[in-house]
Amino acid sequence: MSMLTTLRTRHAASGARFSYLCLAVCVVLLVTQPARAQDQPADTTKRALAASLLDQSATAYDQRDFAKAEDLLRRHLKIDPRSFVAYYNLACCRAAQGDPAGAGEHLAKAVEFGFTDIRYLRRDPTFDAVRDDPNYRRIVDTWPTLQLASLDANLATQRAFFAKGYHEWRDERLKIHCLSAFDARTDDHVKAEFTRLADWAAANVIPDLFDPEQAVDDAWVVVVLPTQSDFTKWATSVYGPGAVRGTSMIAGSYEHDAKRLVSMDLGATLRHEFFHVLHWRDITRKGQTHPVWIMEGLCSLVEDYDLTPDGHLTPVASWRTNSVKRVERIGKLTPFADLTAMSQQKFIGSRPLANYALARAAFLYLHDSNRLKDWYAHYTTRYRDDPSGLRALELATGLVHADLDADFKRWVRASLAMVPEEIKPGMASLGLEVDAGTGEGPVVTAVARSRDGVRPNLRVGDIITAIDHRPVRDLAELVRVLSAYKPGDTVEVAYRRYRLAGTASVTLVRK
C-alpha cells in the first residue's frame with residue numbers, strides 16, 4: 001500500500017504566495033495498514049516543530065508579513081540546515097521585498113541543497129524581477145551541469161549511508177542511477193523491468209515521456225536496492241523503529257523532493273514506486289498536482305501484470321481488486337463522484353485497503369476498455385477546470401453520473417476476475433514449501449517428493465523469480481500465476497541459487 005504526503009502551496013486572496021512548498025513521499029507498506037512508525041521523542045519533536053515553522057511562515061507570507069516569514073524560515077533552517085524548501089521560500093521573501101540579489105543568493109542555496117524543478121523556477125512569477133540577477137542566470141543557463149552536480153551530491157549522501165557491498169549502474173534514457181546490493185543478473189532483470197514499465201507508460205499513459213526537449217530538464221533519480229540489514233537501518237532512521245516491526249512494515253518509498261527511491265523487494269513495491277518516478281516526472285513538467293486516488297491508482301495498476309507473447313506488460317486482476325468484487329456483491333461500491341473527491345487524509349485514513357483497491361480497479365477498467373490513454377489526455381489538458389479527474393472519466397467513457405457507476409459495476413461483476421489468494425487443496429502446486437524471502441522472490445524452504453518419487457530440481461534456499469517467463473517476486477504473485485495451471489502441467493521455473501541463476505522443468509502436482 002502506498003501513501004502520498006504533500007504539503008501544498010498556499011495561495012492568498014492578495015495574490016501573494018510561497019512559490020515552492022511541496023514535500024512529497026510515496027511509501028509502500030508490506031502488509032495492510034498505514035505505518036505508525038514511532039520516532040524517538042526528540043526526533044518527533046524536531047520534525048513537528050520544523051513542519052510547523054514552514055506552515056507558519058507560509059501563513060505570514062500570505063499576510064505579506066515578510067519579516068516574520070523570514071524569521072520563521074531561518075528558525076526552520078536551524079533545525080534542518082539543508083532544507084531547499086526553506087531557501088527557496090527565503091528567496092521568495094527577498095524577491096517580494098525588491099531584493100533580487102538576496103533572492104538570487106537564496107536560490108543558489110536552494111539548488112545546492114536539492115532543488116531540481118527548473119520548470120517551476122522559470123514559470124514562477126515571484127521571480128520576474130530577479131531574472132537578470134547573476135545567480136538566477138547562472139542557474140538557468142547552466143542547468144544541465146547543475147543537474148549532474150545535484151546527482152553527485154545525492155549519490156554522495158546515499159553512498160555514505162549504503163556504504164558496503166554495493167555496485168552502481170546508470171540508465172541515461174530513464175535518468176536513474178542505481179546503487180544495488182544484488183548481482184549483475186538480477187540487475188539485468190531490474191533494468192528490463194524499468195524499461196518495460198517506462199515503455200508501457202509511454203504507450204498507454206504518458207505519450208511524450210521520452211520527448212527529448214522535455215527530458216533534458218528532468219531531474220535524475222537515485223534508486224537504492226539495499227541489503228535487508230541496510231533497508232532495516234534506513235527505514236528505522238527515516239520512519240522510526242515502528243516501520244520495521246509489527247504488522248505495518250514499510251517495504252519501500254519514493255521521496256520526490258529527495259529524488260530517492262529505496263525498495264526492499266524487486267516486485268510489486270519496486271514497480272509501484274518506479275511508476276511514481278515516471279508519473280511525478282510528467283506532472284512536474286505540466287506543473288500539476290494530481291489527487292491521491294490518481295497517484296495511487298495509477299501506480300498500483302502496474303504492481304501485477306502478465307507479459308504478452310511479444311514481451312509487453314498488461315495489467316491484470318490482483319488481490320487488491322478481489323476486495324472490489326466483494327464490496328460490489330453487497331452493493332457498497334463507492335461512486336466515482338465520491339472517490340474522485342476524496343481527500344488524501346480520508347483516502348489513506350478511512351478504509352485504506354478498499355480505497356486503494358477501488359482506485360486500482362478504476363484504472364484497470366479504463367485500461368481493459370482501451371480508454372486509459374484517452375482519460376489521461378482529457379484529464380491533463382483539462383486539469384485546471386477539473387483537478388478531480390471525474391469529468392475526464394465521463395469524457396473518456398462517454399458516460400455520466402449514474403450511467404458511469406452502473407457501467408463500472410457491470411464490468412466488476414462480469415469481467416473482473418477473482419484471483420486466488422492461496423493454493424487450496426486440489427489446485428496446482430510446485431510441490432514445494434516456500435516463504436516470502438527478503439525481496440527477490442519466494443524462497444524454497446522444503447522440497448517434497450512427489451507420488452512418482454521424482455523431486456523437482458530445486459533446492460532449499462533457491463529463490464523463485466519466474467514461472468514460464470512470467471515474473472514472480474512475491475507469494476501473492478506466485479499464487480496468481482500458478483492458478484492459471486492444472487495439476488500435471490509442466491512449467492519452467494527460473495530461480496537464483498546464491499549468485500548463480502538457472503531454470504528447472506517442474507511438473508505441477510495437486511496440493
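The values are calculated or read from the model by the stated rules, or taken from the named source; none is laboratory data. Note that the structure is predicted; figures quoted are calculated from it, not measured. Glycine also receives a Cβ, built like all others from the backbone with ideal geometry; neighbour counts cover every protein chain displayed.
Got at least one residue in segment 194-203 being among the hydroxyl-bearing types (Ser, Thr, Tyr), modelled with pLDDT of 95 or more and either touching a Ser or Thr at 6+ places or on another chain (Cβ under 8 Å) or outside the structural domain of Ala466 (by TED's automatic domain parsing) (or both)? Yes. Considering only residues in segment 223-233 that are outside any loop (DSSP other than H, G, I, E, B) and surrounded by fewer than 22 Cβ atoms within 10 Å (Cβ to Cβ), the one that is farthest from the chain's Cα centre (by Cα) turns out to be Ser229. Of everything in segment 431-459 that is at pLDDT 75 or above and of a type in the set (Asp, Glu), the residue that is farthest from the chain's Cα centre (by Cα) is Glu433.
Go over the candidates Leu54, Leu73, Leu146 one by one and state the one that is surrounded by 16 or more Cβ atoms within 10 Å (Cβ to Cβ), at pLDDT 95 or above and out of contact with any Cys (no Cβ under 6 Å at 6 or more places or on another chain). So the residue among Leu54, Leu73, Leu146 that is surrounded by 16 or more Cβ atoms within 10 Å (Cβ to Cβ), at pLDDT 95 or above and out of contact with any Cys (no Cβ under 6 Å at 6 or more places or on another chain) is Leu73. Comparison of Trp200, Trp220 shows that the only residue that is touching a residue at least 60 places away in the same chain (Cβ under 8 Å), closer than 30 Å to His378 by Cβ and not β-branched (Val, Ile, Thr) is Trp200.
When restricted to residues that are farther than 24 Å from Asp265 by Cβ, touching a Leu at 6+ places or on another chain (Cβ under 8 Å), charged (D, E, K, R) and touching a residue at least 60 places away in the same chain (Cβ under 8 Å), segment 454-511 contains 1. All conditions but one from (1) surrounded by 14 or more Cβ atoms within 10 Å (Cβ to Cβ); (2) among the basic types (Lys, Arg); (3) not in a helix (DSSP H, G or I) apply to Lys164; the one that does not is (1). Of the residues making up segment 173-182, those that are under 14 Å from Ala219 (Cβ atoms) and assigned to a loop (DSSP other than H, G, I, E, B) are Leu174, Lys175.
Considering Val262, Val324, the condition of being modelled with pLDDT of 95 or more, crowded, with 24+ Cβ neighbours inside 10 Å and not assigned by TED's automatic domain parsing to the domain that holds Lys409 is satisfied by Val262 alone. If the condition is being part of a helix (DSSP H, G or I), among the charged types (D, E, K, R) and without any contact (Cβ under 8 Å) to a residue 60 or more places away in the chain, then segment 116-147 contributes Arg122, Asp128, Arg137, Arg138, Asp141.
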